[in-house]
1. Considering only Leu57, Ser16, Thr102, whose Cα is most displaced toward the positive end of the charge dipole of the range 4-111, charges sitting on Cβ of Lys, Arg (+1) and Asp, Glu (-1)?
2. State, in angstrom, two size descriptors of the range 126-188 derived from its alpha carbons: Rg to one decimal place and Dmax to the nearest whole number.
3. Under 16 Å Cα to Cα from Lys124, which aspartates and glutamates show up? Leave out anything in the same chain fewer than 8 places away.
4. Binning at 5 angstrom from zero up to the longest distance, how are the C-alpha pair distances of the range 44-110 distributed in percent?
5. Which value at 222 nm does the chain reach when only helices count, each DSSP H run of 4 or more adding -39,500 (n - 2.57), with the total divided by all residues and rounded to the nearest 500 deg cm²/dmol?
6. Report the Cα centroid-to-centroid distance between the range 38-107 and the range 141-165 in angstrom, as an integer.
7. Which residue fluctuates most in the GNM of the chain (Cα springs below 10 Å): Cys12, Cys76, Cys109?
8. Out of every Cα pair in the range 43-204, what percent are spaced more than 21 Å from each other?
Amino acid sequence: MLAERQAAGTRCVELSPQLFQAISERDNPVGLGAIIATHWMEVEKLEVAPDAVFVALVDVAEPGNLGTIVRTIDACGSSGLILVGRTVDPFHPTAVKASMGTIFSVPICHLGDVEKLLHWATSKNLHKIATSAQAKDFYKSKTYRFPALLMLGSEREGLPPDLLAAADIAVSIPMVGAASSLNLAVATGVLLYELFDQRNQPDVRTRSPILP
């Protein structure tokens, strides 16, 4: 592989094992690394099927959360991820590792602000689902329409008020313990699998809340 890259004109640099270990964020690195340009998919090129489910993350800061969410999107057969605002780089080494390689198969787009997200979602007639600890509706008590857009905010601030106001529905995940909120990746997984169930098993829709 190295010979092929050199023949193609790629600049190749040999490092000592100690120096390579110093710049790698992996334990026991294999000794090969690359600097590769990333190419974002344009949001208008996302395919919006009738049963599509997209996830929008606003100002997410933790690469481990982002990578885990990408892995869950892949597991649920969801259609893509839209990063909004100042989000962590999805190709951060921690995010790539947490994604278990699915970062290279899940379509990922980036939009600069929530207005662009709302414009795109409205133009595609997506059912906009907001998440909030203050929402009165329990997530299992609602019937969702498809195609859908699941919107989640940063680990610290949650969704901005303008996205909450623009959503078609806002739902919460009940909690009875001492913690005030769930981990972002866990919450995303809970909600994505509810959407997965409603999309693939229509008879499970519109159930009574288990908790008040």
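Values quoted throughout were computed directly from the atomic coordinates according to the rules given, and no laboratory measurement underlies them. From a predicted model like this one, the values you see are computed outputs, not experimental measurements. Cβ placement follows ideal geometry from the backbone for every residue including glycine, while neighbour counts extend to all protein chains displayed.
1. Ser16
2. Taking only Cα atoms of the range 126-188, I get Rg and Dmax of 11.4, 35 Å.
3. Partners within reach: Glu42, Glu44, Glu47, Asp51, Glu115, Asp168.
4. Cα pair-distance distribution for the range 44-110, in percent: 4, 20, 30, 27, 13, 5, 1.
5. -9000 deg cm²/dmol
6. Measuring centre to centre over Cα atoms gives 16 Å.
7. Cys12
8. 41
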